[in-house]
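Take a look at the structure below.
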Ligand code: GAL
């Protein structure tokens with residue numbers, strides 16, 4: 001491989017926390033997100049087609065038009081881009097959203113189909129690593145990788161370093177890693193939205209003394225740790241004298257069937273449980289099905305979610321899920337693609353785009369970051385966000401049993 005070539009590895013995912021544990025036991029080393037400076041901190045204008053002003057997170061709209069600004073940067077680049085997403089089980093997002101949006105972002109920036117390749121590691125670390133290595137051998141100058149855990153993230157990043165490759169962490173921070181940039185949503189804010197969503201839902205559904213099963217994501221995913229940090233900021237004051245009780249706090253997972261088992265065990269042990277903080281839609285779905293099998297009525301057992309997936313949105317419409325954290329992945333994909341295109345061309349991304357920094361609390365470094373804003377979605381704003389963005393279409397969402405709920409939510413299916 002031509003090691004003199006400026007190579008950039010876009011490490012997506014990774015995670016993260018060695019010896020992570022629930023927030024109530026020994027502190028886990030976590031990345032914390034501090035946003036410094038505003039996104040308009042620089043006058044840098046892309047050298048792409050047309051001077052559309054400084055590229056920033058607000059440039060990335062649903063029509064991907066901003067990517068055209070990067071055409072000349074893209075044409076100055078060398079090599080191809082290899083995309084390796086983590087799995088198809090933990091969240092539908094990687095198949096439904098990340099893969100198609102990354103494809104569109106590259107294409108709109110003028111890259112041809114031979115300039116990039118998108119694969120899914122299907123939950124296998126060895127597959128992730130071998131895919132990364134073979135992509136680089138085949139001439140990839142940028143790798144877009146969403147590792148399942150800290151181990152493979154670190155392996156990819158050290159392999160990248162050995163080959164003179166710069167790395168971007170996407171969506172998940174590789175704690176103890178070695179990368180140039182990090183692109184994600186503010187994941188503590190994601191957690192805040194989950195916590196606030198549960199609180200407002202409990203009030204709306206008249207759950208006066210919530211006895212909460214606090215679920216978590218996979219402890220090897222630093223995002224899961226940051227999500228919990230965020231919702232504990234909201235819930236702990238409720239648990240400490242606010243009339244709420246945390247009845248159970250299972251270990252955490254991103255495998256929906258494991259989440260269901262964790263919930264069932266907790267619910268069996270704590271029959272007074274009447275609410276659950278669930279960190280994403282895919283984990284919430286089997287839990288909701290279980291409660292439905294027990295004939296728990298709608299709008300009686302508050303449950304949260306994340307990723308605005310079809311299943312989550314439909315559960316919200318039927319009143320079994322309070323809401324979902326909506327992360328416009330078309331923004332995240334465009335931001336990642338833009339950073340990768342700059343690095344592939346040996347150019348420094350504009351500081352107007354790099355709007356923050358994030359502490360890697362293992363390597364004790366501050367990582368230049370592109371941090372995007374998440375949003376809480378319920379039936380109240382589903383039409384003006386998800387549907388307006390075309391993230392999920394009304395025809396996908398408002399099938400037979402959801403039609404009337406769509407109408408009530410102002411969604412014309
Ligand atoms: C997180 C990601 C979330 C969620 C979860 C399961 O790291 O940020 O969007 O999908 O993984 O894949």
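Quick look at the values:
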item	result
Unmet requirement for residue 199, which otherwise passes all of (1) within 26 Å of residue 260 (Cβ to Cβ); (2) crowded, with 24+ Cβ neighbours inside 10 Å; (3) away from the ligand (no atom under 16 Å from the Cβ)	(2)
Lone qualifier among 330, 320, 342 - being closer than 19 Å to residue 387 by Cβ and touching a residue at least 12 places away in the same chain (Cβ under 8 Å)	330
Residues of region 169-179 classified as touching a helix residue (DSSP H, G or I) at 6+ places or on another chain (Cβ under 6 Å) and either surrounded by fewer than 24 Cβ atoms within 10 Å (Cβ to Cβ) or assigned to a strand (DSSP E or B) (or both), total	2
Subset tally (residues that are within 13 Å of the ligand (Cβ to nearest atom) and not in a loop (DSSP other than H, G, I, E, B)) for region 185-196	8
Condition broken by residue 220, with the remaining ones in (1) within 16 Å of the ligand (Cβ to nearest atom); (2) without any contact (Cβ under 8 Å) to a residue 24 or more places away in the chain satisfied	(2)
Filter pass, residue 354 being away from the ligand (no atom under 16 Å from the Cβ) and either surrounded by 23 or more Cβ atoms within 10 Å (Cβ to Cβ) or part of a helix (DSSP H, G or I) (or both)	yes
Sole exception among (1) away from the ligand (no atom under 15 Å from the Cβ); (2) at pLDDT below 90 for residue 111, by number	(2)
Test set (1) within 16 Å of the ligand (Cβ to nearest atom); (2) in contact with a helix residue (DSSP H, G or I) (Cβ under 9 Å, 6 or more places away or on another chain); (3) part of a strand (DSSP E or B) - residue 182 fails condition number	(2)
Residue list for region 379-409, filter: without any contact (Cβ under 8 Å) to a residue 24 or more places away in the chain and touching a helix residue (DSSP H, G or I) at 6+ places or on another chain (Cβ under 6 Å)	394, 398
Given (1) in contact (Cβ under 8 Å) with a residue 60 or more places away in the chain; (2) closer than 30 Å to residue 111 by Cβ; (3) away from the ligand (no atom under 13 Å from the Cβ), number of the condition residue 251 does not satisfy	(2)
In region 271-286, residue nearest to residue 197 (Cα to Cα) [restricted to those that are crowded, with 24+ Cβ neighbours inside 10 Å and touching a residue at least 60 places away in the same chain (Cβ under 8 Å)]	277
Region 202-212, residues that are within 27 Å of the chain's Cα centre (by Cα) and buried (at least 22 other Cβ atoms within 10 Å of the Cβ)	212
Residues satisfying the stated conditions in region 254-270, i.e. surrounded by 24 or more Cβ atoms within 10 Å (Cβ to Cβ) and either more than 13 Å from the ligand (Cβ to nearest atom) or on the phi > 0 side of the Ramachandran plot (or both)	263
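The values are calculated or read from the model by the stated rules, or taken from the named source; none is laboratory data. Model, not experiment: these values are computed from the prediction. Note: ideal-geometry Cβ built from the backbone for every residue, glycine included; neighbour counts use all protein chains shown.
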